[in-house]
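*Asks:* Questions regarding the structure given below will be posed in turn.
Just so you know, all these numbers are worked out from the coordinates, no wet-lab data involved. Since we're looking at a predicted model, the values are computed, not measured. With ideal geometry, Cβ positions are generated from the backbone for all residues, glycine too; neighbour counts draw on all protein chains shown.
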Amino acid sequence: MKKLSFFALVFTIIFASTALAKENNDLSNHMVLTTYDGQILDINITDKGFDFKQYPGKTVLLNFFGPMCPPCIIEMPHLVELQKQNKDKLQIIAVQVQMPMENDELAKFLLKNNVNYPVINLNDAWDIVSFIKANTNWGGEIPFMLMFDKDGNKKGEYVGMVSSSKIINDMRN
């Protein structure tokens, strides 16, 4: 019962912040996010998507996941391999949205799963979670991914597990 209450509280906060973002409609065109290990990601919000300053000329796959989500965990090795094989043209950025975690706890989980891409922890993800919820059809399901082409234009939106071949195909088209 405690877990159910906790998750209800988390989703209430997410939906309340989304409603507030829509109501105020005063979100800046700039977002700075910090990964669990202190890396700063500088993002400009454009009319067509996101401009990821650190990754010019690369397709960016923004992956919303949870460490207790079986499909997310099944998908991780495929994303790790996809990142490794396409490091010159693809950058995966993950956002852990399932539950509050300490950064050291998340670090252990990521190490165990050999994650080779930046990860933003829920505590530092509220801005992007609110923005995505307010500006896409995302209802909070995970895994959820957005693809942005090398020019920062939103190119794809995926709910549930996605095959590596689908991601590669969408990158090319």
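*Asks:* What is the gain in length, in nm to one decimal, between K89 and H30 on full extension, counting 0.36 nm per residue of separation less the C-alpha to C-alpha distance?
*Replies:* 18.9 nm
*Asks:* Something else: Apply the a/c threshold of 1.5 to the C-alpha gyration tensor of segment 15-173 and tell me whether it is rounded, prolate or oblate.
*Replies:* Rounded, since a/c falls under 1.5.
*Asks:* Determine the percent antiparallel among the DSSP beta bridges restricted to segment 40-173, to the nearest 5.
*Replies:* 60 percent
*Asks:* For the cross-link pairs K87/K154; K112/K155; K112/K154, which exceed 29 Å when the distance is taken from alpha carbon to alpha carbon?
*Replies:* K112/K155; K112/K154
*Asks:* Taking R0 as 25 Å, what's the FRET efficiency between K166 and E102 from their Cβ-Cβ distance, rounded to 0.05? Mind dumping the intermediate values first?
*Replies:* Numbers: r = 34 Å, r/R0 = 1.35.
Calculated value: 0.15.
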